[in-house]
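Trainee: Structure below; questions to follow.
The values are calculated or read from the model by the stated rules, or taken from the named source; none is laboratory data. Since the model is a prediction, treat every value here as computed from it, not as a measurement. Counting neighbours? That spans all protein chains shown, and the Cβs are built from the backbone with ideal geometry, glycine included.
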């Protein structure tokens, strides 16, 4: 399966903002955006005025990088969003939020979406009692996400659960840290998503 293998901090610098791709590092003084707040590359410090197309492209790239999705799959989500009832842009964000790796991250059971993706792939989580190791699996209302019994004694899982106590879980999810069990109580809406994405620009990009 194709995936980006380059430096994550370079992606944040390219978008000119923290995308929180490296977990704890993003909150430390080692964050590349804080240390070098300009685009990477030879001409990164030059000033360039973006065209309308450029603004739309950057918004699409930012969304892809935040959720760790490459172009082919992102376009697939857009086509799905177009066929759903409601506003296409909001539908797109809802689909991205419903990914299992994102839900694991939102529940506080991973420090970043990249780590959540790795944990899911390694089979540490179950959905409704069944092991699911597909990060792109879309959860639905009523789904229960649990840490697999054999994984509960993992040192890393214990560290993540301890840190998660101070994190805020979105209103569309609920978590019981004692049972290591999360539940989808409703589908996410635009109001639930605190990520600075202007989804209408993405719709305009694909509508060209």
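Trainee: When the stretch 165-208 is examined, which residues are found to be in contact (Cβ under 8 Å) with a residue 12 or more places away in the chain and under 17 Å from residue 124 (Cα atoms)?
Mentor: Scanning the stretch 165-208 gives 175, 177, 179, 180, 181, 182, 183.
Table: residues versus (1) out of contact with any strand residue (DSSP E or B) (no Cβ under 8 Å at 6 or more places or on another chain); (2) at pLDDT 95 or above; (3) outside any loop (DSSP other than H, G, I, E, B).
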residue: 169; (1), (2), (3): no, no, no
residue: 179; (1), (2), (3): no, no, no
residue: 182; (1), (2), (3): no, yes, yes
residue: 186; (1), (2), (3): yes, yes, no
residue: 195; (1), (2), (3): yes, no, no
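Trainee: Restricting the first residue to the stretch 59-80 and requiring it to be surrounded by fewer than 14 Cβ atoms within 10 Å (Cβ to Cβ), which pairs with a second residue that is modelled with pLDDT under 90 and in a loop (DSSP other than H, G, I, E, B) meet a Cβ separation below 8 Å and a spacing of at least six or different chains?
Mentor: Pairs found: 70/2; 70/3; 70/4; 72/2.
Conditions (1) within 15 Å of the chain's Cα centre (by Cα); (2) at pLDDT 95 or above; (3) exposed (fewer than 14 other Cβ atoms within 10 Å of the Cβ); (4) not assigned by TED's automatic domain parsing to the domain that holds residue 57, marked per residue:
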| residue | (1), (2), (3), (4) |
| --- | --- |
| 114 | yes, no, no, yes |
| 132 | no, yes, no, yes |
| 136 | yes, yes, no, yes |
| 146 | no, yes, no, yes |
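Trainee: Among the residues of the stretch 83-94, is any surrounded by 14 or more Cβ atoms within 10 Å (Cβ to Cβ), in the same structural domain as residue 57 (by TED's automatic domain parsing), in contact (Cβ under 8 Å) with a residue 24 or more places away in the chain and within 11 Å of the chain's Cα centre (by Cα)?
Mentor: Taking every residue of the stretch 83-94 in turn, at least one turns out to be surrounded by 14 or more Cβ atoms within 10 Å (Cβ to Cβ), in the same structural domain as residue 57 (by TED's automatic domain parsing), in contact (Cβ under 8 Å) with a residue 24 or more places away in the chain and within 11 Å of the chain's Cα centre (by Cα).
Trainee: Please verify whether residue 199 is within 19 Å of residue 97 (Cβ to Cβ), at pLDDT 90 or above and either assigned by TED's automatic domain parsing to the domain that holds residue 77 or in contact with a strand residue (DSSP E or B) (Cβ under 9 Å, 6 or more places away or on another chain) (or both), treating the condition exactly as stated.
Mentor: On the way: within 19 Å of residue 97 (Cβ to Cβ): yes; at pLDDT 90 or above: yes; either assigned by TED's automatic domain parsing to the domain that holds residue 77 or in contact with a strand residue (DSSP E or B) (Cβ under 9 Å, 6 or more places away or on another chain) (or both): yes.
So residue 199 fits the description; yes.
Trainee: Still on this model: Those residues that are closer than 17 Å to residue 158 by Cα and free of Cβ contacts under 8 Å to residues at least 40 places away in the same chain, I need them from the stretch 101-125; list them, please.
Mentor: Here is the first cut: in the stretch 101-125, the ones closer than 17 Å to residue 158 by Cα are 104-112, 115-116, 118-120, 122-125.
The answer is 105, 116, 118, 119, 120, 122, 123, 124, 125.
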